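Q: Please find one structure pasted underneath; my questions will follow.
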Amino acid sequence: MVELPVLSSAVEMDILDSSVETMHHASAQGKKLYVETYGCQMNVGDSEIVKGVMHQSGYAMTDTPDDADVILLNTCAIRDNAEKKIYERLNHLKYYKKRNHDLVVGLLGCMAERLRGDLLGERNLVDIVVGPDEYRKVPELVHKASVGEQGIAVKLSRVETYDDIEPLRTEGISAWVSIMRGCDKFCTFCVVPFTRGRERSRSFTSIVDELKRLWDNGFKEATLLGQNVNSYLDETLNKDFADLLAESARAVPQMRIRYTTSHPYDMSDKLIETMAEYDNICKYIHLPVQSGSDRVLQAMNRHYTVAHYIERMHKIKSLMPHCALSTDIIVGFPTETEEEHEMTMALMREVRYDGAYMFKYSPRENTKAWKMNDDIPDDVKTRRLNEIIEQQQRISHAINQTEIGKTFDILVEGPSKRNPAEWQGRTDSNKIVIFSHDRSVSESASSYVIGDTIRVRIERASSATLFGPVV
Ligand code: SAH
Ligand code: SF4
Ligand code: F3S
């Protein structure tokens, strides 16, 4: 069992005001909402929930801030540079407010709890601040702001899961499905337990029903989302995450099912076996390791050792030899020695990840590590970061070279961002594949549309992307 620290008073039982959730504001008629999303996939999913709530209240959506009546930024607080980016953006949005005095600007998400005073008070950058568990109140707060009343709602809840809210999804074939919220792990570096509050799970049946509806509406892929999906538990039905994954795979057998993020501490045999059993559960696991040193892992309160982690990797590869793996790594955690950094480098070589997200440690207020001395100088952090990035690029490149000559089933996503004459799709192992979309070359090969599954033979590969013709 993980021992939890005493919780802050901000976490309160929250009885939701039902008059708020169904209110249709006459003042919203014809008004346009623009939402900009920062941070992780949880925020992407949450933005769709906010759009769902606002849509129900009569707002139309726009994909540019230029003609918006309401601009909402869904923010991230994970590292200092994430917050800096949002301050810059808010300063820029002042010009929009100068141009349109009726414009309402709001800040949502993980920065809400921490920075409310600063943003609403003397700096006056936004009209409303709304935390991750208060999104049902957004229409009401926006309405009040439009008549000049600043508003704030940042209470965290032990029960809110937005189970009954239909997210407003705009991306075509791939859907984010939030299955649990919050995190109780309290890694010593991490702000998420403070910004998003306690862990709680959505109901099993409502998730499975949502997946069926998504399939009926043309979605081909769904990613089950949570900061720590292994902790998923429907207490009423006594169903855990592996049960949910299995039932999802059976309920929509043609749909690709993904999930993120899992924690190495409770990556169970049952979960790995379930993944192996169903073809439509994608063979890709993002399993953040953070460090290759047991001492640092302990200081991070990660609850596993390097040996445990490696053993889990072997179990995964023994049941799913072609399963792709990615991870998160932090360099420069307080007191990390050169030798411990080398241990991280060695772990990466041993596992041979397909990809990795790599970060310099950034102290976060309220966390346990905040009280430690941030003693690794920035130039050392930068050097260590560059070393792991370079090494990972070499490994990713080498792994991708071994894909050349193989043929993969690709879910077609549409034109590639760089060159619209080429299209892109994804393998089940989550690798991006670029293929030529020249209709004159081969009529049969080009008779596909977005959302189709086609076969592509890989001819060329970089560290990040595979390339080849449709076969
Ligand atoms: N819930 C996920 C990760 C959420 S945050 C998990 O536990 O796996 C995504 C990543 O950001 C983390 O895995 C970690 O590598 C990184 N991160 C979190 N807090 C950080 C901090 N204070 N400084 C640098 N990186 C951090
Ligand atoms: Fe943060 Fe750890 Fe929870 Fe992930 S598991 S969100 S890193 S506290
Ligand atoms: Fe950022 Fe919040 Fe996600 S801090 S990483 S948006 S949970």
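The values are calculated or read from the model by the stated rules, or taken from the named source; none is laboratory data. Predicted model only: the values in this text are computed from it and were never measured. Here Cβ is always computed from backbone atoms with ideal geometry, including for glycine, and neighbour counts include all displayed protein chains. Quick note on the areas: whole protein, heavy atoms, side chains included, nothing else; ligands and nucleic acids left out. Shrake-Rupley method; radii C 1.70, N 1.55, O 1.52, S 1.80 Å.
Q: Residue under question is Tyr135, and the condition is that it be touching a strand residue (DSSP E or B) at 6+ places or on another chain (Cβ under 8 Å), touching a residue at least 24 places away in the same chain (Cβ under 8 Å), among the hydroxyl-bearing types (Ser, Thr, Tyr) and surrounded by fewer than 23 Cβ atoms within 10 Å (Cβ to Cβ); does it hold?
A: When the stated conditions are applied, Tyr135 does not pass them.
Q: Residues of segment 180-194 being assigned to a loop (DSSP other than H, G, I, E, B), more than 7 Å from ligand 1 (Cβ to nearest atom) and not polar (S, T, N, Q), which ones?
A: Within segment 180-194, Gly182, Asp184, Phe186 qualify.
Q: Just one of the numbered conditions (1) closer than 29 Å to Tyr95 by Cβ; (2) in contact with a Phe, Trp or Tyr (Cβ under 9 Å, 6 or more places away or on another chain); (3) open to solvent by 10 Å² or more (accessible area, probe 1.4 Å) is not true of Thr170; which one?
A: (2)
Q: Sticking with this structure for a sec: I'm checking my understanding of the structure. Among residues of segment 139-167 that are part of a strand (DSSP E or B) and not small (Gly, Ala, Ser), which one is least open to solvent (accessible area, probe 1.4 Å)? So that I can check it myself, show each step before the final result.
A: Initially, segment 139-167 is screened for residues part of a strand (DSSP E or B), giving 151-153, 156.
If we keep only those that are not small (Gly, Ala, Ser) too, we end up with 152, 156.
Values: Ile152: 78, Leu156: 5 Å².
Across segment 139-167, the extreme among qualifying residues is Leu156.
Q: Yes or no: Glu166 touching a Gly at 6+ places or on another chain (Cβ under 8 Å) and closer than 28 Å to Pro363 by Cβ?
A: Answer is no for this residue.
Q: Related question: Restricting attention to segment 33-62, and to residues there that are among the aliphatic types (A, V, I, L, M), more than 16 Å from ligand 3 (Cβ to nearest atom) and open to solvent by 20 Å² or more (accessible area, probe 1.4 Å), which single residue is farthest from Leu73 (Cα to Cα)?
A: Ala60
Q: Considering only segment 426-445, how many residues are modelled with pLDDT of 95 or more and in a strand (DSSP E or B)?
A: 4
Q: With the structure loaded, tell me whether Ser362 is in a loop (DSSP other than H, G, I, E, B), within 16 Å of ligand 2 (Cβ to nearest atom), modelled with pLDDT of 95 or more and in the same structural domain as Asn301 (by TED's automatic domain parsing) or whether it fails that test. Explain how you work it out, then say what you get.
A: Working: in a loop (DSSP other than H, G, I, E, B): yes; within 16 Å of ligand 2 (Cβ to nearest atom): yes; modelled with pLDDT of 95 or more: yes; in the same structural domain as Asn301 (by TED's automatic domain parsing): yes.
Yes; evaluated as a whole, the condition is true for this residue.
Q: Right, something else. Scan segment 195-223 for residues that are within 16 Å of ligand 2 (Cβ to nearest atom) and part of a strand (DSSP E or B) and report the count. Full working, then the answer.
A: Quick first cut of segment 195-223, residues within 16 Å of ligand 2 (Cβ to nearest atom) only: 195-201.
Now drop any that are not part of a strand (DSSP E or B), which leaves 200-201.
The number of residues fulfilling the criteria is 2.
Q: Taking only segment 86-112 into account, find how many residues are open to solvent by 50 Å² or more (accessible area, probe 1.4 Å) and within 21 Å of Cys183 (Cβ to Cβ).
A: The total comes to 0.
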